[in-house]
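Taken together, the values in this text are just the output of simple stated rules run on the coordinates, not laboratory data. Just so you know, these numbers come straight off a predicted model, no measurement behind them. Glycine gets a Cβ as well: all are built from the backbone with ideal geometry, and neighbour counts include every protein chain shown.
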Amino acid sequence: MEEKINQDVESVSHKGVENGNEDFAKMLEEHENQRSESRIIDGVIVEIQDNERVLVDVGEKQEGILNINEIKDAEGNVIYKVGDTLKVLVSGHRNERPIISHKKALAKQKVKEFIQSNKENMENLEVEGVIVAKNKGGYIVENEEGVQFFLPNSQSFFKNKPEIGRKVTAKVLKMDEGSDSIVISRKKYLQDIFQHRKEVIDELMREGRVVEGTIKKITNYGMFVEVAPNVEGLVHYNEISYKGPVNPAKYFEEGQKVNVKAIDYDSEKNRLSLSIKATQPDPWEEIKGELEPGDIINVTISNIEPYGAFVDLGNDIEGLLHVSEMSWDKRPKNPKEYVEVGQQLDVEVIEIDTENRKLRVSRKTLLPKPFEEFMNKYKEGDVVEGEITSLTDFGAFVRIGNVEGLLHNQDIGWEKGQKAKDLFNVGDKVEVKIARIDKDKERISLDRKSLLESPLEKFAKTHKVGDIVKGKVKDIKDFGVFVSLDENVDALIRNEDLAPLKKEELQPGDEIEGVISYLDTKNNRLRVSVRRLERVKEREALKEFNKEDEGTTLGEILKEKLDK
């Protein structure tokens, strides 16, 4: 088919279909005026001069002259010799010497033969060829057999002036045996195509038939399908499948046969819209009442996107498996880490909207729930090893099996102000205790501090109840005073244990001496009493005196003290 034929047909449609009646005598006049009266006769070669020109006797006073190239074959070999007879066209005289041409004689002879062969079957006769010459009246078109046709300007219908060598398809308008001329019309050819195209389209739109077409061209927005000779329509990528927009290059190739149905025709733009999916039953109608939320179906992963994957039900319906429905992970990974294209798997229908053609499915609902697995395996108080998955300003998330628990900053260690992001990296292994399990909210609180030796435990290795200690006032509360002892240990002196000191006279930083009255490493509690300090010192003094004089009685010691 000639290039851009559809655009030319469209142009014809806007201008309307003309009846094509022309005055062919007038049409040929300009063409015939370009040459004098001519005739074909037999000539005899009398001389071949310098391998350049050939003298031919045509029965006149002087011989006609041929260029030697006219009697050479395609390989450049001379195919005639002196004495041979050959057909020549005498088209006039120059300086009384006849103007002759062997090639034109052959061409005219071919025109005669073409006319004789087709004069009984001229109606709707089409010819193809290339433009080999131009004249005032139009163009000379020659086909592969060497037959030359005349294409008048009025019948050419070229938008731009064509170059020599352009391919042309046209219809025969007139064959004149008297002048051995054949008039062709490209305009009528295009008009007939348009009329035929209109009739085919009207029939397709009226009957709504399914027809077989041939894919002529595939683009990124659809493909052009030929449904009849010179009749093409566009199958938009939305009309290929009930799945939705698809890339036609993935499923089809040029030259492939497909069934299509006409769905629209824009007469102003002369554009035909076709559909492949309209030739098939609507699968969304078929599943109405047969597929419901909660149903388990087997699907195939057809496409993966950053937000999830599309699954093919096998009947031209696709559903969305969102990444959040692929696993129970609270922070989902890339969908490609869960599934791959072509993979078959069971999913649960969680939403179906046949009116809007939407289907959502879930895979995680068919998988064991990680929190339930965790509950069956662990309990509060268990010590486990986990992996840090993320760090925040308030703590760290630690993976234990397939769930995550929160290790808050305050439960990392005994040192105040510690932050998880300053101590750990993502991927670090850490030993923790399961401190609390919230079944309703499915939350797990972890503790690391209780697994480490506390400052009080370290303190207890060298101190006990009854020991005298010194500390500085750290904080004053309604119920007592907190003092800081050595080794990062704080103790409470309750109000009743402050005497003989007066709380209102104390200031932060004041040094206080007292006695350890309560030490509980399990609950991390330490209390000090000033009130008991005098009694402890008395007991210490008695012990010291007993060591100095083991024979001295208690009464003697007291008497000595009183005397002082």
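Checking (1) 98, 67, 46; (2) 183, 67, 41; (3) 113, 66, 53 against Cα extents along the principal axes in Å calculated from these atoms, the matching label is (2).
Net length available on complete extension from ASP475 to LYS429 is 12.8 nm, with 0.36 nm assigned per residue and the Cα-Cα distance removed.
Among SER517, SER484, SER117, the order by Cβ neighbours within 10 angstrom, fewest to most, reads SER117, SER484, SER517.
Each Lys and Arg adds +1 at its Cβ and each Asp and Glu adds -1 at its Cβ; summed about the Cα centre, the chain shows a dipole of about 1160 debye.
Please tell me which of these pairs span more than 19 angstrom C-alpha to C-alpha: LYS72/LYS103; LYS103/LYS188; LYS136/LYS161; LYS87/LYS108? Among LYS72/LYS103; LYS103/LYS188; LYS136/LYS161; LYS87/LYS108, the Cα-Cα distance tops 19 Å for LYS103/LYS188. Axis of helix 102-118 versus longest Cα principal axis of the chain: the two differ by about 80°, to the nearest ten degrees. Each of the peptides 223-232, 183-192 was scored by the mean count of other Cβ atoms within 10 Å over its residues; in descending order, highest first, they stand as 183-192, 223-232.
When you restrict to C-alpha pairs under 8 Å that are six or more residues apart and normalise by the size of the chain, the relative contact order lands at 6 percent.
The charge dipole of the range 373-451, taken about its Cα centre with unit charges on the Cβ of Lys, Arg, Asp and Glu (plus for the first two, minus for the last two), comes to roughly 120 debye. With both labels modelled 7 Å from their Cα along Cα-to-Cβ, the LYS136 to GLU387 distance reads 9.3 nm.
How high is the FRET efficiency from ASN67 to GLU144, r the C-beta distance, R0 30 Å, rounded to 0.05? The formula returns an efficiency of 0.80 here.
Computed about its Cα centre, the charge dipole of the range 156-206 is approximately 360 debye, with only Lys, Arg, Asp and Glu carrying charge at their Cβ.
Can you find, among ILE493, ILE412, ALA249, the residue farthest towards the positive end of the dipole of the chain? Put +1 on the C-beta of Lys and Arg, -1 on that of Asp and Glu. Sorting the options by dipole projection puts first ILE493.
Mean separation of Cα pairs under 8 Å and 6 or more residues apart, divided by the residue count, gives the range 455-531 a relative contact order of 36 percent.
Between the amide H of ASN135 and those of ILE140, distances stay under 5 Å, these residues lying 5 or more places away or on another chain, with hydrogens modeled in the peptide plane.
Considering only VAL235, PHE397, GLY146, and ranking their Cα positions along the charge dipole of the chain that arises from unit charges at the beta-carbon of Lys, Arg, Asp and Glu, the one farthest toward the positive end is PHE397.
Highest average first, the peptides 271-280, 521-530 ordered by how many other beta carbon atoms sit within 10 Å of their residues are 271-280, 521-530.
Each Cα pair under 8 Å and six or more residues apart adds its sequence gap; the mean of these over the residue count of the range 71-222 is a relative contact order of 16 percent.
Stretching the chain fully between ASP440 and TYR221 yields a gain of 73.7 nm (0.36 nm per residue, less the alpha carbon separation).
Among 121-128, 297-304, the peptide with the highest mean count of other Cβ atoms within 10 Å heads the list, and the full ranking is 297-304, 121-128. Counted residue by residue at 0.36 nm each, then reduced by the alpha carbon distance between them, the extension gain from GLU305 to VAL44 reaches 85.7 nm.
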